[in-house]
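Data first, discussion second: the structure below is written as structure tokens.
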Amino acid sequence: MELSPEEYGAYWRASIRVAAGIVIVALGSQAVVAPLLSYPNPPAVALGVLLFIGIVFIGCFLAMLGVARAVRTAVDVELRG
């Protein structure tokens, strides 16, 4: 599969998005959510759960944008040549 410089760059940007999504979920759950879930009072735990849901949603959305970009680039390359 012969890639043009633009397609090669698109693959790198896609992989950066996937990695960013994974990092957001991993670091967000460890640094932001874990301390809130360790508190004994229910409002802090509820806030931690809501933040965890939001962080997972944002991280997965960002990762899927990267996967979609990589698939679209691969399909374009295959259809072109």
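The figures follow:
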quantity: Criterion: touching a Ser or Thr at 6+ places or on another chain (Cβ under 8 Å) and not aromatic (Phe, Trp, Tyr) - qualifying residue of ALA10, ALA19, ALA44; calculated: ALA10
quantity: Residue within region 1-9 that is over 17 Å from the mean Cα position of the chain (by Cα) and aliphatic (A, V, I, L, M) present; calculated: yes
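Yes/no per residue for (1) at pLDDT below 95; (2) small (Gly, Ala, Ser):
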residue: VAL32; (1), (2): yes, no
residue: PRO35; (1), (2): yes, no
residue: ALA44; (1), (2): yes, yes
residue: GLY54; (1), (2): no, yes
residue: PHE57; (1), (2): no, no
residue: CYS60; (1), (2): no, no
residue: ALA68; (1), (2): yes, yes
residue: VAL71; (1), (2): yes, no
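The values are calculated or read from the model by the stated rules, or taken from the named source; none is laboratory data. Please read all numbers here as calculations on a predicted model, not as lab measurements. Glycine also receives a Cβ, built like all others from the backbone with ideal geometry; neighbour counts cover every protein chain displayed.
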